[in-house]
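S.K.: Pasting in a structure now, in structure tokens, and then I'll have a few things to ask.
The values are calculated or read from the model by the stated rules, or taken from the named source; none is laboratory data. The structure presented is a predicted model; accordingly, all values stated were derived computationally and were not measured. In this analysis, Cβ positions are derived from the backbone assuming ideal geometry, glycine residues included, and neighbour counts consider all displayed protein chains. With ligands, DNA and RNA removed, areas are computed over all heavy atoms of the protein, side chains included. Shrake-Rupley method; radii C 1.70, N 1.55, O 1.52, S 1.80 Å.
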Amino acid sequence: MKRKKSTTIFIHLFLIISVFLVSFPIIYAFMVSTLNINEVYSSPPKLQLGDNMINNYREAWQRSNMGKLLFNSSFISIVTAVGKIVLSVSAAFAFVYFGEFPGKNILFILILITHMLPLPIRIVPTYQLMDNLGWLDTYYALTIPFFASATGVLLFKQFYMTVPESLLEASLIDGITPLRFLWSILIPLSKSNIVALFTIEFIWVWNQYLWPLVTTNSARVRVVQIGLKMLIPSDAQPEWNVIMAALIIGVIPPLLIYLTLQKSLVEGFAMQQDK
């Protein structure tokens, strides 16, 4: 009994230390965001809270036009996540419930292959396509190219394959149309998967830097990641206290999304593990 208690204490200590090490960069960034510029460049670095927090956050908000940056990033992340979910659900529904249509297996393999092509590999042809369509420096370029999702299609396809066929047979007997079956039965059953995919894609799109950098050049569609980079001057000493304040503000929306949807996110992953 005593040995078991010691093991439990050791495990908890290990977990606490691990959490602290993982979260330390954010903790330190928050500390820096409360210091004045002299304290930021003091040696050794100060590992404490300062008294310049309000001024730093006000300066960061005004200098970066943070309100517009947060709106753009939120809008782009939500639209892209919703677009991925709609296309993924529709494609998975077709693959599972529309029988053996010609080229079904080949088409699914091609979808999976796109998962092996990361953005840096596709960036040149995708950029040329956006240029030809006249979509550069618009919301279209920041959202539509990311609607397709091999991960989403695979996630929902595997889930729909586990749904009992008796549900489909009962709906056919009741005269329910395929779209009504999708909307009234499959989508409610897929709630945890939908929330999991939304959370992952929202955070992924929010953290995008390379694609917004090459496709936008105006403040009208500028996102948080680009705004943070523009706070770092190329010909002067960076004001890291203001930059860290802007960074902390930029972390809040995806953190809120994760904390709000955490329960459904864990349930979605648990369902996949059970299968």
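S.K.: Please name which of 95, 33, 204 has its Cα lying farthest along the dipole of the chain towards the positive end, using unit charges on Cβ (Lys, Arg +1; Asp, Glu -1) and the Cα centre as origin.
M.R.: Checking the options against the dipole of the chain, the answer is 33.
S.K.: Could you tell me the largest-minus-smallest coordinate of the C-alpha atoms of region 21-166 on each of the three principal axes, in descending order and whole angstroms?
M.R.: Principal extents (largest minus smallest coordinate, Cα): 69, 41, 26 Å.
S.K.: Could you give the dipole magnitude of the chain about its Cα centre, charging the beta-carbon of Lys and Arg +1 and that of Asp and Glu -1, in debye to the nearest 20? Kindly include the intermediate steps, with their values, before the conclusion.
M.R.: On the way: 19 positive and 14 negative charges, 136 e Å.
It comes to approximately 660 debye.
S.K.: At q = 0.15, 0.17, 0.22 Å⁻¹, work out log10 I(q)/I(0) for region 89-229 with the Debye formula, treating every Cα as an identical point scatterer and leaving solvent out; two decimals please.
M.R.: Per q value, in the given order, log10 I(q)/I(0) is -0.88, -1.01, -1.32.
S.K.: Another one. Which log10 I(q)/I(0) values does region 148-275 give at q = 0.21 Å⁻¹ under the Debye formula, counting every alpha carbon as one identical point scatterer?
M.R.: Each listed q maps to, in turn, -1.20.
S.K.: Of 243, 22, 256, whose Cα points farthest to the positive end of the dipole of the chain (charges on the beta-carbon: +1 Lys, Arg; -1 Asp, Glu; origin at the Cα centre)?
M.R.: 22
S.K.: Rounded to whole Hz and in sequence order, give me ³J(HN,Hα) for region 62-73 from the Karplus expression 6.51 cos²θ - 1.76 cosθ + 1.60, θ = phi - 60°, writing x for Gly and Pro.
M.R.: Each residue of region 62-73 in turn: 6, 5, 9, 6, 4, x, 5, 4, 5, 4, 4, 5 Hz.
S.K.: Over the chain, give the accessible area per residue in Å² for a 1.4 Å probe, as an integer.
M.R.: 61
S.K.: For the chain, what D do you get in µm² per second when you plug the Kirkwood radius from alpha-carbon pairs into Stokes-Einstein at 4 °C and 1.567 mPa s?
M.R.: 59
S.K.: While we're on this one: Determine the alpha carbon to alpha carbon distance for each of 104/191; 68/229; 84/191; 84/263 and list only those over 19 Å.
M.R.: Values: 104/191 26 Å; 68/229 15 Å; 84/191 15 Å; 84/263 21 Å.
Over 19 Å Cα-Cα: 104/191; 84/263.
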